[in-house]
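To start, the structure itself, in structure tokens.
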Amino acid sequence: MSLPPGFLDELRSRTSISQVVARKVMWDSRKSNQGKGDMWAPCPFHQEKSASFHVDDRKGYYYCFGCHAKGDALGFIKETENVSFIEAVEILAREAGMPMPERDPEAQQKADRRTQLADVMEQALQFFKLQLNTSAGADARSYLTGRGLTQKAFDRFEIGFAPDAWQGLWVHLTTKSVEDELILAAGLAKPSNKGKRPYDTFRNRIIFPIRDPQGRCVGFGGRAMDTNDNAKYLNSPETELFDKGRSLYNHGAAREATGKGHTLIVAEGYMDVIALTEAGFDAAVAPLGTAVTETQLQLMWRVSDEPIIALDGDTAGIRAAQRLIDLALPLLEAGKSLRFAAMPAGQDPDDLIRAGGPGAMQHLLDTARPMIDLLWEREVHGKNFDSPERKASLDKILREKLQLIKDPSIRGYYGQAVKDMRWELFRPKMQSRKFIPKGGAAPAAAQATTRSSSLASSSEHSHVLRQSVILASLFKAPEALAAVEGQLEDLQFVKPQHRDMQQFLLQYTGALEGLWEAAEHLFGTQVLETLLKLPHVRIAPSVRNCDDVKLVIDCLQQEFAQMFATDAHGREVAEAVQDLSDLDDEGLTWRLSESAKHMQATTQGTQEDKTEYKTAKNGLKVKLEEQNTLDNLLEQINFSKPNRQ
């Protein structure tokens, strides 16, 4: 019903939430301060001994620090009395002595209609339950007991059976004077296209009633007994009572169990929920035969901040989990997320419990993985990232997914997690990237010779110097990092401390102006100042002119090119050591020659030196332009001297 403006505000002002809550709890006199309206008690929503349930009488709200239940007086009545919002308003208004406003006739008519349909559904449920215990339901009972269900489970979940008859339920309800229109509106029968009587929606099926959080039977799920039936599971059609995209199987019972400390588990079907509950996992729900909807996800989050998704371990279950990730990303907020328990291949929770008992299921729940893991796995599984283009494609896909997250804080943490995983994916390959000769692994003697050669030792020393310059340049001018990030990632640093700095620069996600402070916090001021004071670093143009970002980038590009060229030449020499044991090959000589030319061209710089030089009397080369300038200056000096004779 529609309430007039201000009615609820006046109702709340006339009532004391502590008085409402006091009917269900025993206040802790040591922690409570009645004069200030600050009251504490053991939580009525979950079993505990400590007084973690707080009521603030002045603000009119309650909150449990254990199960995180929260709300106002109306919410407390709804949860504890299991009533609708309007019913809670009526209860509170009656206690406050406030008359309820007149109901809107149209709203009243709609509420009465839903009550009528709910009554018809209850009558249908009783019929189905009776049928399970008849001879017609013998095969259904045998199937259920074969799945491990007991009579206690039959009663707890109110399992029934729809007989294999066209008008079994129809005849039963009409003989009880239920109107034809109500049976059809409840989705229990369908009209005939042949002008005959309507026929039952459910025939020869095990029946699972679907109740809403208030406990009303709003629909049914039916499992076919005929293996040739096209639809193994069938749900009630959409009705004024039932919307499968807004309903969860076992919702009310799971909400109550979660309040007592149980973990909310989201399974795929009715039998999974029943098996989980029978094994002691009482807080289990299931969507109703379709992919999880946004409304269903919000319903789950109202029950638990972090439900565990335990879908089947087959292809369909994995796809359902991936669709759920895409659905959840834009809806994430602080404290609301999902975890995923990966079922063994080809198994569902029911199979796992029957095979390994509750312990096997508990182990999977304890090791449930966060959503970021599955998002990453989906994008990298079975793919090869052996080229810059493929790496860039992965980055683009992940950026698009992260942009779906609306909460900036969560998006930042996801971005950092993706960067860490990207590092783990690509870095091990770079560290283990070694030259392997065509014929297989190089002999130990050849490897030792290469490592101990003057070329290897000199290039390693040169690399340490250049790598110091690169790191110092990036710390001084972090704006250049984006331009050389790929090369920095591919570079194999010699010193362990330099590798740590490399990882820090690649993983840093904060503001560029804060990079130096973050590095100081991680490595210490003395370490960074020592790096900047190294002689070869102090004279480097990229460090001395760090304000010129373009110059820094150009210098860094040159440093990277020189190191990569030196490494490439070293690999050619290493291969030559192995190949020299074979027959002489003109191609080998050519390869070494070309490699040497490339290294020489790179290490001498990319710019051709067109300066003309002149050999002085002492054997040193001086620039011809500078020598000519000096000669002209000397002539001018001599010309200006007075002639002394």
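The values are calculated or read from the model by the stated rules, or taken from the named source; none is laboratory data. Treat the numbers as computed from the prediction; the structure is a model and nothing was measured. FYI the Cβ positions are ideal-geometry reconstructions off the backbone, even for glycines, and counts take in every protein chain you see.
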>> Between a residue in the stretch 346-360 that is in contact (Cβ under 8 Å) with a residue 24 or more places away in the chain and any residue that is of a type in the set (D, E, K, R) and crowded, with 18+ Cβ neighbours inside 10 Å, which pairs come within a Cβ distance under 7 Å, given they are 6 or more apart or on different chains?
In response: Asp348/Glu268; Asp348/Asp272; Asp348/Asp312; Pro349/Asp272; Asp350/Asp272
>> Anything in the stretch 531-558 that is of a type in the set (A, V, I, L, M, F, W, C) and modelled with pLDDT of 85 or more? List them, or say none.
In response: Leu531, Leu532, Leu534, Val549, Leu551, Val552, Ile553, Cys555, Leu556
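Tell me, which residue of the stretch 1-47 that is part of a helix (DSSP H, G or I) and touching a helix residue (DSSP H, G or I) at 6+ places or on another chain (Cβ under 7 Å) is surrounded by the fewest Cβ atoms within 10 Å (Cβ to Cβ)?
Kept after step one, since they are part of a helix (DSSP H, G or I), are these residues of the stretch 1-47: 7-14, 17-22, 34-36.
Filter once more, so that each one left must be touching a helix residue (DSSP H, G or I) at 6+ places or on another chain (Cβ under 7 Å): 11-12, 14, 17, 20-21.
Details: Leu11: 19, Arg12: 16, Arg14: 13, Ile17: 24, Val20: 21, Val21: 21.
If we take residues in the stretch 1-47 being part of a helix (DSSP H, G or I) and touching a helix residue (DSSP H, G or I) at 6+ places or on another chain (Cβ under 7 Å), then Arg14 is surrounded by the fewest Cβ atoms within 10 Å (Cβ to Cβ).
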> What number of residues in the stretch 322-364 are among the hydrophobic types (A, V, I, L, M, F, W, C), surrounded by fewer than 16 Cβ atoms within 10 Å (Cβ to Cβ) and under 22 Å from Gly280 (Cβ atoms)?
Replying inline: 1
> Can you name the condition, by its number, that Val83 falls short on among (1) under 25 Å from Pro307 (Cα atoms); (2) in contact with a Leu (Cβ under 7 Å, 6 or more places away or on another chain); (3) of a type in the set (A, V, I, L, M)?
Replying inline: (2)
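Scanning the stretch 496-520 for residues that are among the polar types (S, T, N, Q) and assigned to a helix (DSSP H, G or I), which turns out nearest to the chain's Cα centre (by Cα)?
Gln507
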> Taking the stretch 271-320, which residues are part of a helix (DSSP H, G or I), surrounded by 24 or more Cβ atoms within 10 Å (Cβ to Cβ) and in contact with a strand residue (DSSP E or B) (Cβ under 6 Å, 6 or more places away or on another chain)?
Replying inline: Val273, Leu276
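Which ones in the stretch 235-250 are buried (at least 20 other Cβ atoms within 10 Å of the Cβ) and of a type outside the set (Gly, Ala, Ser)? Step through it out loud before you land on a result.
Just the residues of the stretch 235-250 that are buried (at least 20 other Cβ atoms within 10 Å of the Cβ), to begin with: 235-236, 241-242, 244, 247-250.
Of everything in the stretch 235-250, those that are buried (at least 20 other Cβ atoms within 10 Å of the Cβ) and of a type outside the set (Gly, Ala, Ser) turn out to be Asn235, Leu241, Phe242, Lys244, Leu248, Tyr249, Asn250.
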> Can you tell me which residues in the stretch 323-340 are part of a loop (DSSP other than H, G, I, E, B) and without any contact (Cβ under 8 Å) to a residue 40 or more places away in the chain?
Replying inline: Gly335, Ser337, Leu338
>> Out of everything in the stretch 363-390 that is free of Cβ contacts under 8 Å to residues at least 40 places away in the same chain and touching a Phe, Trp or Tyr at 6+ places or on another chain (Cβ under 9 Å), what residue ends up being farthest from Ala310 (Cα to Cα)?
In response: Asp373
> Taking the stretch 210-227, which residues are modelled with pLDDT under 90 and surrounded by fewer than 18 Cβ atoms within 10 Å (Cβ to Cβ)?
Replying inline: Gln214, Gly215, Thr227
> Name the residues in the stretch 378-421 that are under 24 Å from Gly313 (Cα atoms) and either surrounded by fewer than 14 Cβ atoms within 10 Å (Cβ to Cβ) or β-branched (Val, Ile, Thr) (or both), would you?
Replying inline: Val380, His381, Gly382, Lys383
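Those residues that are closer than 17 Å to Gly259 by Cα and surrounded by fewer than 18 Cβ atoms within 10 Å (Cβ to Cβ), I need them from the stretch 48-65; list them, please. So that I can check it myself, show each step before the final result.
Narrowing the stretch 48-65 to residues closer than 17 Å to Gly259 by Cα: 48-54, 62-65.
Glu48, Lys49, Ser50, Tyr63, Phe65, listed by residue number.
Just checking, how many residues over the stretch 522-566 are part of a loop (DSSP other than H, G, I, E, B), surrounded by 13 or more Cβ atoms within 10 Å (Cβ to Cβ) and not aliphatic (A, V, I, L, M)?
Applying the first criterion (part of a loop (DSSP other than H, G, I, E, B)) to the stretch 522-566 yields 524, 534, 539-540, 545-548.
From the residues that got through so far, the ones that are surrounded by 13 or more Cβ atoms within 10 Å (Cβ to Cβ) too are 534, 540, 545-546, 548.
Going one step further and asking which of them are not aliphatic (A, V, I, L, M), we end up with 545-546, 548.
Within the stretch 522-566, residues that are part of a loop (DSSP other than H, G, I, E, B), surrounded by 13 or more Cβ atoms within 10 Å (Cβ to Cβ) and not aliphatic (A, V, I, L, M) number 3.
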> If we scan the stretch 87-106, do we find a residue that is over 17 Å from Val21 (Cα atoms), touching a residue at least 60 places away in the same chain (Cβ under 8 Å), assigned to a helix (DSSP H, G or I) and within 42 Å of the chain's Cα centre (by Cα)?
Replying inline: no
